[in-house]
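I'd like to ask you about the structure that follows.
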Amino acid sequence: MGAGKKEHKSKESDNSLCKMIKNGLLQNSPQAYKDLIANGSYYCRKCGRVAVSEKNLCKAESL
Ligand SMILES: [Zn+2]
């Protein structure tokens, strides 16, 4: 029906580790950062970061 339904389609979610690091996660909450990267099984092809969940990376690729 062509309704003006606007979906916010952003590839980078607020869960993005890449984004959180840019926002100072490592400096502000080093423990939270460590929890996110410990035993990481994915890495980001864009930033080279590692995380447990692919959802936390903007360009996740399994290790
Ligand atoms: Zn990234």
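The values are calculated or read from the model by the stated rules, or taken from the named source; none is laboratory data. As the structure is a prediction and not an experimental result, all values here were calculated from the model. Virtual Cβ from ideal backbone geometry, glycine too; neighbours counted across all protein chains shown.
Is it the case that some residue within region 3-14 is more than 14 Å from the ligand (Cβ to nearest atom) and at pLDDT 90 or above?
Scanning region 3-14, I find no residue that is more than 14 Å from the ligand (Cβ to nearest atom) and at pLDDT 90 or above, so the answer is no.
What number goes with the only condition from (1) near the ligand (Cβ under 9 Å from one of its atoms); (2) in contact with a strand residue (DSSP E or B) (Cβ under 6 Å, 6 or more places away or on another chain) that Cys44 does not pass?
(2)
Name the pairs whose Cβ atoms lie under 8 Å apart, with the first residue in region 35-55 and crowded, with 18+ Cβ neighbours inside 10 Å, the second among the acidic types (Asp, Glu) and not in a strand (DSSP E or B), and 6 or more positions between them or separate chains?
Tyr42/Glu54
Scan region 33-53 and tell me whether some residue there is aromatic (Phe, Trp, Tyr) and in a helix (DSSP H, G or I).
Scanning region 33-53 turns up at least one residue that is aromatic (Phe, Trp, Tyr) and in a helix (DSSP H, G or I).
For region 51-60, name all the residues that are more than 10 Å from the ligand (Cβ to nearest atom) and of a type outside the set (Gly, Ala, Ser).
Selection gives Val52, Glu54, Lys55.
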